[in-house]
Amino acid sequence: MTKNYIFSRMLFSGIVFFTSIFNGALFVSFQTCACENVNPMPKDERVQLREEARDMFYHAYNAYMENAYPADELMPLSCTGRYRGVSPNRGDIDDSMGNFSLTLIDTLDTLVVLGDLEEFEHAVQLLIKDVSFDNDIVVSVFETNIRVLGGLLSAHILADYLQQRDGIMHWYKGELLSMAKDVGYRLLPAFNTTTGIPYARVNLKYGMKSDRLEFARETCTACAGSMILEMAALSRLTGEPEFEARAHKAMDALWKMRHRGSDLMGTVLNVHSGDWVRRDSGVGAGIDSYYEYCLKAYILLGDNKYLNRFNRHYNAVMKYISQGPMLLDVHMHRPHTNSRNYMDALLAFWPGLQVLKGDLKPAVETHEMLYQVMQRHKFIPEAFTTDFQVHWGNHPLRPEFLESTYFLYTATGDPYYLEVGKNVLRSLQKYARVPCGYAAVNDVTTGKQEDRMDSFVLAETFKYLFLLFADKDELILNLDEFIFTTEGHLLPLSLSGHTANDTKNHESEINDELAMSCPNTLSLFPESFRKPLQNMVDGMCPRRNQRRRLTAAEFSAANINHLKLIKEMGINIVAMSDGRVQLLHTFSSARSAADAEEGLLFMQEMVELAKLQSQQPEPVAQAVTVPLKDHLGDEQLMVLQAGPSQFGRNLKGDEKVTAKAVIVHPFKGCEDLRVPDLVKDKIAIMERGDCMFIDKVRKVQRHGAVGAIIVDNVAGSSAASSPMFSMSGDGNNDVKIPAVFLFKQDASKLLLAISKDWDVQITISELREADNFSQNEEESMFQKLKLSVQDFLVKHTGITFTKTAVEVGGFRANIGTDKIRITYKEADSDNNLKEAITNQQWSKIRKGLLHSIMHSDSKELFVPLNILRIYYQTLSGASIEEVKATDVVKQTKWLLSELIKEQNKKDDDLVKLDTEGEGVAVLTDIDKLSKPDSSVIESKKEKLKQLNSILRTVSELESSLETQDIIDKVFNKLKIEASDDLIIGEEKQTSDERTSIVNKKEQSSIAKTKASRTVDEL
């Protein structure tokens, strides 16, 4: 330090300002600024707001202690505790929790700030008695450091301080410091990296010896660079230097990784190589507290290298990232190029840090911009665009804006900031307060709440709100003696004297003679900064006052006028292959600029409605159950998973509807029914398309149906390969009967069962977990568990499990959770398997399977396990008991053997396979086909001559006359008994034998029809 500089640190309510004397001239002095246009807040109003803030804290604190402790967090809507591994997993957000009473640890020093020493002592006793950190849980190193370690250290310091000053807590012997040291040692394994930069996560019990951590090599800049305050405090309080040394090494490594040209930092990096993974540079999420700790490390520890680093970074931020009052992320290696067009809520801490730096003008400007955003949206959304629209509407009651408001008021004394705090308080009371604490706001645009109250709400949000309205002389602590950590915990400045600080080898620290001084503020007043920004947010995008022609909530795809309106707005509807629709908005396609703007609002509303729908409780899956008889005459239940509807009656628990089924005509169910009386007291089956789901169900309900099943119109769809589908309504609740949705392949099985017995009683009910493990299941519980685990690992690791592969001859089958994959590779010596008696129909199916394998581009075939089970049950000759006891491996071996038998037949005609069946596998009545005596089947032809029309199949086979002939040949060998439960469908006249015999005068007689057959595309 040169002789020209005389430095001193002056604290004011927890804020450090720097004064410097250069050659006898005073460059900076602190002046309290006030504006004549802002009326001071009356003292009684300020006291009332202070006490209301106190009441808000206790409302949340008592709710946690009474309903959640010792859980980590309170769920304010459920009014219960959130435990790690017990409560529903929320992903990375849960890494802050470790089942160590997080909220109470984080809240301890707030109790002291509020002057509640009795409750503070009680809380300390509870923690010492109840909390253990020896938990097999992976936690965030960053969050555990700032919340748990910081909370314990601050509480220990205050307990020791109050013990000496006020003579209370005589029993306390440093237990909190011992707990803090325990946490510190549990975090140390995370620092064992090539660079010294810590891993993002660590297992509290086993360190880095955890499967989840084995390949975790990335961390954020803030995560690695926000350890120094707590780790240094731990070392200086315990006398064990390793903690501070590790944190210094991490900070030094990060400094070396800055971009040398811009002095900017990226957001995410590799802890071993030091390579940047994300090069976005800003002051918000992922990087915020690194800058904060560069400055505060100098303040707390007195090490000049951190001040130099902060000044270098600060100058870069103000040069490249600061764009007026806005702070926009840029590419660290191309700092003149923005990397995104939105800002996040975490940057709200920056004005407070600028106050600490002494740069008031940009602090006032950025804070004012944020305040206008808050006024527009009630809270500052997690992310908002450069035109101040909501980008991500979540708001977890973050404290950063209040923190900056408190620091600005403390620095300026401007009563304007008391009004800001008052408005924040009112928003919290109006939109977040619930009977059991304060709930996060899930979406600021709708006000929908979330069952979440983070620990920082008590640790910071209410702490800064209380301090904003409290006078210095009303506090039991002199905040001039402390500095706030990034989590709002108090660390005493006296820690800098605990050890000597070596500053001899720091990088050229002072490269600017004014680097350690604040700007002159004598002529700067907050009001003069704010005035040019008046109406900045509202002026950017004026609110629309004219009446809307159509909102997203009112829109109906079945309304022609609505379709015309959105067309005028420049919105086109594109039908997707899976039956969904996509809305595309093109500004230039709108009729006018005003219509285009309304189209943008419509699309934004659609996005919000989609978010709300995704946040609704997951609908209960339904089931369609059909009794079947196998070839031995034993009755079994076929359970088909069905999608629920967002209208009508959703069946739960023991509720069910059982009735005969009827296929309506026309099949779409949108036009008037041909024979409406036949729907009465039955479950109506209709096909998807041409009109809304709810309109179909309304129609059959009007004619007396007791339930409805909608069949998908997308070929090949199945519940096994598709997510659960929930049918939407139109907002009216006039439908009272249950309605469910079946995918194509699942519906085909239902139609096949109905065609065999028109009097069969089908049941609609809730799908139960036991339905997936019925007595007919082909796999044991152990086998299913093994396969599901292996399938998960295959998807996420790429590892192939050879133990689940079955090989017979040149055929190989890989077994999955819901299907098997069959491939063929010519073997040196195939098994010489032959069969004495050939079932012609089964032979034909095997030929189709072989053809699919041999002639497909991928040389593979996928067979669903339920189809494999049917093949095995009906054709292997195994008894029911054997089928129940057999797992999928044995069934797979049997199928591969059957393929080899077909392959080894001398009259093999794979090459000359009839093209009529190419690419299509017809699932016929396997029970009948398993009997090789064709004379029995032929004798029944006479009984089928009356059935002369065919329903179009669910797989749309009726479009091919050749395929229709194949189905005719198969069905002419099966016995089908018809009843008046079947309504005649449209048919194609392909020969003289196909004549319509529907007689409207004899609708009560037996309907004569031919039945369509299920098509499974393997």
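Each value in this text was obtained by applying a stated rule to the coordinates, not by laboratory testing. Since the structure is predicted, the reported quantities are computational estimates derived from the model, not experimental observations. Heads up, the Cβs are rebuilt from the backbone with ideal geometry, glycines too, and the neighbour counts pull from every protein chain shown.
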The range 304-317 - phi-based ³J(HN,Hα) in whole Hz, Karplus 6.51/-1.76/1.60, Gly and Pro as x: 5, 5, 6, 5, 4, 5, 4, 4, 5, 5, 4, 4, 5, 4
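Want the number for residue 672 to residue 419: 0.36 nm per residue separation, take away the alpha-carbon distance, what's left? All intermediate terms of the calculation are to be shown ahead of the outcome.
Values: separation 253, 0.36 × 253 = 91.08 nm, distance 6.48 nm.
Result for the pair: 84.6 nm of gain on full extension.
Quick one: of 847/890; 749/890; 629/859, which pairs are farther than 30 Å apart, Cα to Cα?
Working: 847/890 21 Å; 749/890 24 Å; 629/859 36 Å.
Distance filter (> 30 Å) returns 629/859.
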Prolate/oblate/rounded label for the range 191-268 (Cα gyration tensor, a/c 1.5): oblate
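Quick one: order 109, 94, 757, 734 by neighbouring beta-carbon count within 10 Å, fewest to most. Mind dumping the intermediate values first?
Details: 109 28, 94 21, 757 17, 734 12.
Lowest count first: 734, 757, 94, 109.
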409, 438 arranged by Cβ crowding within 10 Å, fewest neighbours leading: 409, 438
FRET efficiency for residue 194 and residue 563, using Cβ-Cβ distance with R0 set to 60 Å, rounded to 0.05: 0.50
Set 756/893; 209/256; 756/901; 660/699 screened for pairs whose C-alpha atoms are more than 22 Å apart: 756/893; 209/256; 756/901
Calculated FRET efficiency for the pair residue 733/residue 589, C-beta based, R₀ 35 Å, to 0.05: 0.45
Inter-site label distance for residue 315 and residue 39 at 7 Å from Cα along Cβ, in nm: 4.7
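Relative to the present Cα-Cα distance, how much length would full extension add between residue 275 and residue 657 at 0.36 nm per residue of separation? Mind dumping the intermediate values first?
On the way: separation 382, 0.36 × 382 = 137.52 nm, distance 6.16 nm.
Between residue 275 and residue 657, full extension yields an extra 131.4 nm.
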Under-5 Å amide H pairs with residue 397, H placed in peptide plane, nonlocal only: 441
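Looking at this model, which pairs from 319/361; 844/905; 652/680; 652/819; 181/357 are more than 22 angstrom apart at the alpha-carbon?
On the way: 319/361 15 Å; 844/905 12 Å; 652/680 24 Å; 652/819 30 Å; 181/357 32 Å.
Violating the 22 Å Cα-Cα cut-off are 652/680; 652/819; 181/357.
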Ranked list, fewest to most other Cβ atoms within 10 Å of each Cβ, for 585, 855: 855, 585
Computed label-point distance, nm, for sites residue 826 and residue 838 using a 7 Å Cα→Cβ extension: 2.3
Alpha carbon centroid spacing (whole Å) that separates the range 427-466 from the range 693-749: 40
Separation in nanometres of the label points that stand 7 Å from Cα toward Cβ, at residue 215 and residue 245: 3.5
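Tell me the relative contact order for the range 622-773 as a rounded percent, counting alpha carbon contacts under 8 Å between residues six or more apart.
In percent, rounded to a whole number, it is 36.
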